[in-house]
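*Asks:* This structure is in structure tokens; I'll ask about it shortly.
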Amino acid sequence: MDKLVITSCLAANTHPGGRAVAGYINQRLGINTEFAVDIPWQERQRRLTSGQIHMGWICGLLYVRISDQPNSPLELLAAPVMRGPRYAGRPVYFSDIIVRQDSQYYSLSDLRGMRWVYNEPESYSGYYTMCHQLIQQGETLKFFKEALESGGHSNSLQMVLDGRADVIDIDSTLLDYEFDREPALVQKLRVIDSLGPNPVPPWVVSRQLHQDLREQLRVVLLSMHLDPNGRTALASGQLSRFVPADDEEYQMIRDVSRSITAASQP
């Protein structure tokens with residue numbers, strides 16, 4: 001093929017790691033690669049499902065919705081494992097509930113009547129996990145005074161920092177990136193609870209690619225950690241390795257999604 005187009009439909013802090021993986025695939029397979037993130041993520045998603053983009057890193061909620069369609073255009077490729085000790089070598093992440101360090105909130109129950117900010121309503125880590133937690137406690141979003149949409153995890157963080165919101169639940173891997181990028185944030189924010197573990201956002205591949213190429217790509221990802229150049233590429237995204245991805249691991253997300261849909265019915 002002339003060019004393999006790869007993307008991430010996740011937050012911008014996944015882009016360095018995604019770009020490094022694309023470069024490594026180019027080295028290993030000799031295929032010209034492009035890491036396409038200069039368009040809105042919704043358009044990246046559309047092009048990925050249409051086959052214009054061939055491979056991508058996507059939210060687990062998006063994966064289950066696409067995989068449950070008849071003749072799904074995507075298949076699982078591999079699951080990344082983050083480097084942090086809290087992940088214990090597993091392909092998981094958490095949704096961390098975060099407040100300002102100087103706030104008086106120390107548990108979710110303290111947040112009744114406060115302002116919650118989420119990135120967007122189709123985010124598993126930023127929206128669905130909180131909704132599910134409230135349902136389990138017999139609550140609804142009316143628990144909060146306001147539910148504010150920010151458009152992105154980084155925007156949500158800033159809204160908490162500058163006092164426009166009181167609490168956020170955020171993908172723990174994104175929080176890792178932010179703390180690594182700006183260590184002073186550790187003194188400004190406090191994690192009061194962690195929801196999870198949740199199955200990690202997977203890497204997927206278009207079924208329009210020839211099966212042999214899809215398998216080559218899978219082998220490249222799963223063996224990256226065995227190669228010094230591969231380990232360097234993984235480290236740029238705070239990854240330790242890729243492991244085989246199993247659809248059954250994402251059943252949890254399907255179940256949570258169904259429970260939220262059921263709870264919203266009149």
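*Asks:* For segment 108-123, give me the residue count where each residue is in contact with a strand residue (DSSP E or B) (Cβ under 7 Å, 6 or more places away or on another chain) and either part of a helix (DSSP H, G or I) or of a type in the set (A, V, I, L, M, F, W, C) (or both).
*Replies:* The total comes to 5.
*Asks:* Out of (1) within 20 Å of V219 (Cβ to Cβ); (2) more than 17 Å from the chain's Cα centre (by Cα); (3) at pLDDT 95 or above, what's the single condition that is false for L77?
*Replies:* Failing condition for L77: (2).
*Asks:* Filter segment 2-14 down to the residues that are at pLDDT below 95 and out of contact with any Leu (no Cβ under 9 Å at 6 or more places or on another chain), then identify the one that is surrounded by the fewest Cβ atoms within 10 Å (Cβ to Cβ).
*Replies:* D2
*Asks:* For segment 232-244, does any single residue satisfy the condition of being surrounded by fewer than 17 Cβ atoms within 10 Å (Cβ to Cβ) and without any contact (Cβ under 8 Å) to a residue 24 or more places away in the chain?
*Replies:* no
*Asks:* Test G56 against the criterion of being buried (at least 21 other Cβ atoms within 10 Å of the Cβ) and not aliphatic (A, V, I, L, M), and give yes or no.
*Replies:* When the stated conditions are applied, G56 passes them.
*Asks:* Could you list, in sequence order, the residues of segment 112-123 that are at pLDDT 95 or above and surrounded by 19 or more Cβ atoms within 10 Å (Cβ to Cβ)?
*Replies:* Within segment 112-123, W116, V117, Y118 meet the criteria.
*Asks:* A follow-up question, please. Sort out which residues of segment 205-227 are of a type in the set (D, E) and part of a helix (DSSP H, G or I), and write them in order of number.
*Replies:* If the condition is that a residue be of a type in the set (D, E) and part of a helix (DSSP H, G or I), then D212, E215 are the ones that fit.
*Asks:* On the given criteria, is P244 within 27 Å of S67 (Cα to Cα) and within 16 Å of the chain's Cα centre (by Cα)?
*Replies:* No; evaluated as a whole, the condition is false for this residue.
*Asks:* How many residues does segment 124-147 hold that are part of a helix (DSSP H, G or I) and either out of contact with any Lys or Arg (no Cβ under 9 Å at 6 or more places or on another chain) or among the aliphatic types (A, V, I, L, M) (or both)?
*Replies:* Going through segment 124-147 one residue at a time, the tally reaches 15.
The values are calculated or read from the model by the stated rules, or taken from the named source; none is laboratory data. Bear in mind that the values here come from a model prediction, so they are computed numbers and not experimental data. Neighbour counts run over all protein chains shown; Cβ positions are idealised from the backbone, glycine included.
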